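Chemist: Here it is, the structure, as structure tokens.
The values are calculated or read from the model by the stated rules, or taken from the named source; none is laboratory data. This is a predicted model, so every value here is computed, not measured. Note: ideal-geometry Cβ built from the backbone for every residue, glycine included; neighbour counts use all protein chains shown. What goes into the accessible areas is simple: the full protein's heavy atoms, side chains included, and nothing from ligands, DNA or RNA. Shrake-Rupley method; radii C 1.70, N 1.55, O 1.52, S 1.80 Å.
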Amino acid sequence: MSTKHSKAAEKFLQDSKMAAWHNETLWMVRAKRDKMSKEVPEWEELRNKACELKLYSSSHLEELLLEFEKNATANGAIVHWAKDADEYCAIVYEILNEHNVHHFIKSKSMLAEECGLNPFLMERGIDVVESDLGERILQLMHLEPSHIVLPAIHIKREQVGELFEKEMGTEKGNFDPTYLTHAARKNLRHLFLNAEAAMTGANFAVASTGDIVVCTNEGNADMGTSYPKLNIAAFGMEKIVPDLEALGVFTRLLARSATGQPVTTYTSHYRRPREGGEYHIIIVDNGRSTLLSKPGHIKTLNCIRCGACMNTCPVYRRSGGYSYTYFIPGPIGINLGMAHDPEKYYDNLSACSLCMSCSDVCPVKVDLAEQIYRWRQDLDALGKANTGKKIMSGGMKFLMERPALFNAALWAAPIVNGLPRFMKYNDLDDWGKGRELPEFAGESFNEMWKKNKVQGKEESK
């Protein structure tokens, strides 16, 4: 298997203080999620309901999307369909170009990241501004998000202070978060007021009403769409939910799972264009419909992008978002990358210990770890299986199918305890590169069990 992830993780771990901070901070978010979930008696019932609703939506995708289009059009919106990333970017550019837009403001959208919208528009002379604070920081630093909910979680406030000093003229050496937030707000204010068009993603799209629902804590989506008369929203087709009652199930789960809040500060519904304006909605496939033909991976479409799987993942927390080669990291990113292009993103499969914690915390019951295991079974067919691991697995199979040989190996194993270190820790021992080998017991479990069984018989006489 490729070592891209392990090498990138090794680089991340070289800054031990940063690595420890990253691990502790994300675990704190996980702990907040646990506290919030325990305050809702029907938490597991909500998870089951959310999973069922998502599976229903996936199995009735065409019907729900057409219902959404009908209702959104009746509300005055203009609905577009994009089969892939190129078509999505082209539609956005066409809308902006028709209205002679040069200043464009966006709220956070992982779909835009997925499809490379920002560089596409900038190459064509459109100034794109990210209005989410974390995304804005990363945009000014020319970096990509390392988390889907907390995009700049890996950036320390000292770095932000230095960035704002350069970009916004803030006080030298002032890293106070409140001060920096006010500076960002002031800087963004004139960008909001001078934007000629605004765009949001969508956390949910409601089929029965034609609503686009956006959940934020900063209110930046509302600010962005309040001034320009031209607004655009885009969503991946899996974001569709049947009705407002179903929406209520997801909004009770989303913030609690994502950031440990009862609900996001703003849950905004967008339905109609502003008076005298236009509201465009783009429904994007970009490989999502392909997942419908993969029964073992269809639950990937359940994902509501809460990031809970990242916050709990021991590998993500200790290796950072940039160690993954797909633009979304963590357990959900591993699965989405494989669904998108397995030959390109197979290396991320090694970034999983199969501890199952991600599956346990997912609010919509995506079987994340189980899917990663299934993807691993495909590596040999893809020609990407690790030769060393194949030989090792073959050897273990040979040994375990022969009890006499297996027991002989157990008997001889304690000899390893007395070997010199150079014989135990070398390039052949990947395990020993980061860990101490366990000491082999002088007596195997088999021997202990047989001995106790004999003793038990004697005592019963």
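Chemist: Pairs please, first residue from the range 432-446 and in a loop (DSSP other than H, G, I, E, B), second anywhere and surrounded by 11 or more Cβ atoms within 10 Å (Cβ to Cβ) and β-branched (V, I, T), Cβ atoms under 9 Å, 6+ apart in sequence or on different chains.
Modeler: Filtered contacts from the range 432-446: L437/V416; E439/V416; F440/V416.
Chemist: Another one. When you check S289 against the structure, is it part of a loop (DSSP other than H, G, I, E, B), open to solvent by 20 Å² or more (accessible area, probe 1.4 Å), out of contact with any strand residue (DSSP E or B) (no Cβ under 9 Å at 6 or more places or on another chain) and over 30 Å from L13 (Cβ atoms), yes or no? Don't jump to the end; show me each part of the working.
Modeler: Working: part of a loop (DSSP other than H, G, I, E, B): no; open to solvent by 20 Å² or more (accessible area, probe 1.4 Å): yes; out of contact with any strand residue (DSSP E or B) (no Cβ under 9 Å at 6 or more places or on another chain): yes; over 30 Å from L13 (Cβ atoms): yes.
Considered against the rule, which asks whether it is part of a loop (DSSP other than H, G, I, E, B), open to solvent by 20 Å² or more (accessible area, probe 1.4 Å), out of contact with any strand residue (DSSP E or B) (no Cβ under 9 Å at 6 or more places or on another chain) and over 30 Å from L13 (Cβ atoms), S289 comes out as no.
Chemist: Only residues that are of a type in the set (K, R) and either under 19 Å from the mean Cα position of the chain (by Cα) or closer than 14 Å to A351 by Cβ (or both): list them for the range 12-47, please. It would help to see each step written out before you state the result.
Modeler: Quick first cut of the range 12-47, residues of a type in the set (K, R) only: 17, 30, 32-33, 35, 38, 47.
Those that are of a type in the set (K, R) and either under 19 Å from the mean Cα position of the chain (by Cα) or closer than 14 Å to A351 by Cβ (or both): R30, K32, R33, R47.
Chemist: In the range 384-404, which residues are aliphatic (A, V, I, L, M) and either over 34 Å from the mean Cα position of the chain (by Cα) or modelled with pLDDT under 85 (or both)?
Modeler: Step one: filter the range 384-404 for residues aliphatic (A, V, I, L, M), giving 385, 391-392, 396, 399-400, 404.
The answer is A385, M392, M396, L399, M400, A404.
Chemist: Any residue that is touching a Leu at 6+ places or on another chain (Cβ under 6 Å), under 25 Å from Q371 (Cβ atoms), open to solvent by less than 40 Å² (accessible area, probe 1.4 Å) and not in a strand (DSSP E or B) - is there at least one of those in the range 274-286?
Modeler: There is no residue in the range 274-286 that is touching a Leu at 6+ places or on another chain (Cβ under 6 Å), under 25 Å from Q371 (Cβ atoms), open to solvent by less than 40 Å² (accessible area, probe 1.4 Å) and not in a strand (DSSP E or B).
Chemist: State all residues of the range 383-393 that are aliphatic (A, V, I, L, M) and open to solvent by less than 50 Å² (accessible area, probe 1.4 Å); if no residue qualifies, say none. Lay out the reasoning, then the answer.
Modeler: Taking the range 383-393 first, the residues aliphatic (A, V, I, L, M) are 385, 391-392.
Listed by number, the list holds a single entry, A385.
Chemist: Can I ask one more? Need the failing condition index for M28 against (1) aliphatic (A, V, I, L, M); (2) open to solvent by 60 Å² or more (accessible area, probe 1.4 Å); (3) touching a residue at least 60 places away in the same chain (Cβ under 8 Å), just the number.
Modeler: Tallying (1) aliphatic (A, V, I, L, M); (2) open to solvent by 60 Å² or more (accessible area, probe 1.4 Å); (3) touching a residue at least 60 places away in the same chain (Cβ under 8 Å), M28 fails exactly one: (3).
Chemist: Within 28 Å of F164 (Cβ to Cβ) and open to solvent by less than 10 Å² (accessible area, probe 1.4 Å): which single residue out of S109, S131 fits that description?
Modeler: The conditions single out S131.
Chemist: Which ones in the range 307-345 are open to solvent by less than 10 Å² (accessible area, probe 1.4 Å), in contact with a Leu (Cβ under 9 Å, 6 or more places away or on another chain) and not in a helix (DSSP H, G or I)?
Modeler: Hits for the range 307-345 are G307, G320, I328.
Chemist: Among the residues of the range 438-446, is there at least one that is among the aromatic types (F, W, Y), modelled with pLDDT of 85 or more and open to solvent by less than 80 Å² (accessible area, probe 1.4 Å)?
Modeler: Among the residues of the range 438-446, not one is among the aromatic types (F, W, Y), modelled with pLDDT of 85 or more and open to solvent by less than 80 Å² (accessible area, probe 1.4 Å), which makes the answer no.
Chemist: Determine if the range 159-179 includes at least one residue that is among the hydroxyl-bearing types (S, T, Y), open to solvent by 20 Å² or more (accessible area, probe 1.4 Å) and more than 30 Å from S57 (Cα to Cα).
Modeler: Looking only at the range 159-179, we keep the residues that are among the hydroxyl-bearing types (S, T, Y), and these are 170, 178-179.
Now narrow it down to the ones that are open to solvent by 20 Å² or more (accessible area, probe 1.4 Å): 178-179.
Still in the running and more than 30 Å from S57 (Cα to Cα): 178-179.
Yes, the conditions are met somewhere in the range 159-179.
Chemist: Can you give me the number of residues within the range 230-273 that are open to solvent by less than 10 Å² (accessible area, probe 1.4 Å), touching a Leu at 6+ places or on another chain (Cβ under 9 Å) and not hydrophobic (A, V, I, L, M, F, W, C)?
Modeler: 1
Chemist: Moving to a separate point now. Of everything in the range 405-423, what is closer than 30 Å to S6 by Cβ, open to solvent by 80 Å² or more (accessible area, probe 1.4 Å) and either at pLDDT 90 or above or not charged (D, E, K, R) (or both)? Give them in sequence order.
Modeler: Step one: of the range 405-423, the residues closer than 30 Å to S6 by Cβ are 409, 413, 416-417, 419-423.
Now narrow it down to the ones that are open to solvent by 80 Å² or more (accessible area, probe 1.4 Å): 421-423.
Those that are closer than 30 Å to S6 by Cβ, open to solvent by 80 Å² or more (accessible area, probe 1.4 Å) and either at pLDDT 90 or above or not charged (D, E, K, R) (or both): F422, M423.
Chemist: Follow-up question, since we're still on this one. Scan the range 150-157 and tell me whether some residue there is over 29 Å from V213 (Cβ atoms), of a type in the set (V, I, T) and either open to solvent by 50 Å² or more (accessible area, probe 1.4 Å) or free of Cβ contacts under 8 Å to residues at least 60 places away in the same chain (or both).
Modeler: Keep residues of the range 150-157 that are over 29 Å from V213 (Cβ atoms), which gives 156-157.
Okay, now just the ones that are also of a type in the set (V, I, T), so none.
For the range 150-157, residues over 29 Å from V213 (Cβ atoms), of a type in the set (V, I, T) and either open to solvent by 50 Å² or more (accessible area, probe 1.4 Å) or free of Cβ contacts under 8 Å to residues at least 60 places away in the same chain (or both): absent.
Chemist: Further question: Among the residues of the range 209-218, is any within 13 Å of I105 (Cα to Cα), open to solvent by 40 Å² or more (accessible area, probe 1.4 Å) and among the acidic types (D, E)? Steps first, answer last, please.
Modeler: Pass one, the range 209-218, residues within 13 Å of I105 (Cα to Cα): none.
Taking every residue of the range 209-218 in turn, none turns out to be within 13 Å of I105 (Cα to Cα), open to solvent by 40 Å² or more (accessible area, probe 1.4 Å) and among the acidic types (D, E).
Chemist: So if I check each of R252, R189, R185, R256, which one is of a type in the set (D, E, K, R) and under 18 Å from F104 (Cβ atoms)? Before you say what the answer is, go through the steps one by one.
Modeler: On the way: R252 fails: under 18 Å from F104 (Cβ atoms); R185 fails: under 18 Å from F104 (Cβ atoms); R256 fails: under 18 Å from F104 (Cβ atoms).
Just one listed residue meets the conditions, R189.
Chemist: To continue, here is another question. Just to be sure, is R47 surrounded by 14 or more Cβ atoms within 10 Å (Cβ to Cβ), out of contact with any helix residue (DSSP H, G or I) (no Cβ under 6 Å at 6 or more places or on another chain) and in a helix (DSSP H, G or I)?
Modeler: Criteria met by R47.
Chemist: Working carefully through the options D86, D34, find the one that is open to solvent by 80 Å² or more (accessible area, probe 1.4 Å) and either β-branched (V, I, T) or out of contact with any Gly (no Cβ under 6 Å at 6 or more places or on another chain) (or both).
Modeler: Numbers: D34 fails: open to solvent by 80 Å² or more (accessible area, probe 1.4 Å).
Exactly one of D86, D34 is open to solvent by 80 Å² or more (accessible area, probe 1.4 Å) and either β-branched (V, I, T) or out of contact with any Gly (no Cβ under 6 Å at 6 or more places or on another chain) (or both), namely D86.
Table: residues versus (1) touching an Asp or Glu at 6+ places or on another chain (Cβ under 8 Å); (2) modelled with pLDDT of 95 or more.
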site	(1), (2)
L138	yes, yes
M141	no, yes
H154	no, no
T209	yes, yes
E218	yes, no
M223	no, no
S226	no, no
P242	no, yes
A246	no, yes
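Chemist: Would you check if E63 is open to solvent by 50 Å² or more (accessible area, probe 1.4 Å) and without any contact (Cβ under 8 Å) to a residue 24 or more places away in the chain? So that I can check it myself, show each step before the final result.
Modeler: On the way: open to solvent by 50 Å² or more (accessible area, probe 1.4 Å): yes; without any contact (Cβ under 8 Å) to a residue 24 or more places away in the chain: yes.
The answer is yes for E63.
Chemist: Please find, among L188, L253, the residue that is under 28 Å from the mean Cα position of the chain (by Cα) and over 30 Å from L66 (Cα atoms). Before the answer, list the steps.
Modeler: Details: L253 fails: over 30 Å from L66 (Cα atoms).
Just one listed residue meets the conditions, L188.
Chemist: A follow-up question, please. In the range 424-437, how many residues are acidic (D, E) and either surrounded by 10 or more Cβ atoms within 10 Å (Cβ to Cβ) or in contact with a Phe, Trp or Tyr (Cβ under 8 Å, 6 or more places away or on another chain) (or both)? Walk me through it before giving the result.
Modeler: Residues of the range 424-437 acidic (D, E): 427, 429-430, 436.
Filter again for either surrounded by 10 or more Cβ atoms within 10 Å (Cβ to Cβ) or in contact with a Phe, Trp or Tyr (Cβ under 8 Å, 6 or more places away or on another chain) (or both), leaving 429-430.
So the answer is 2.
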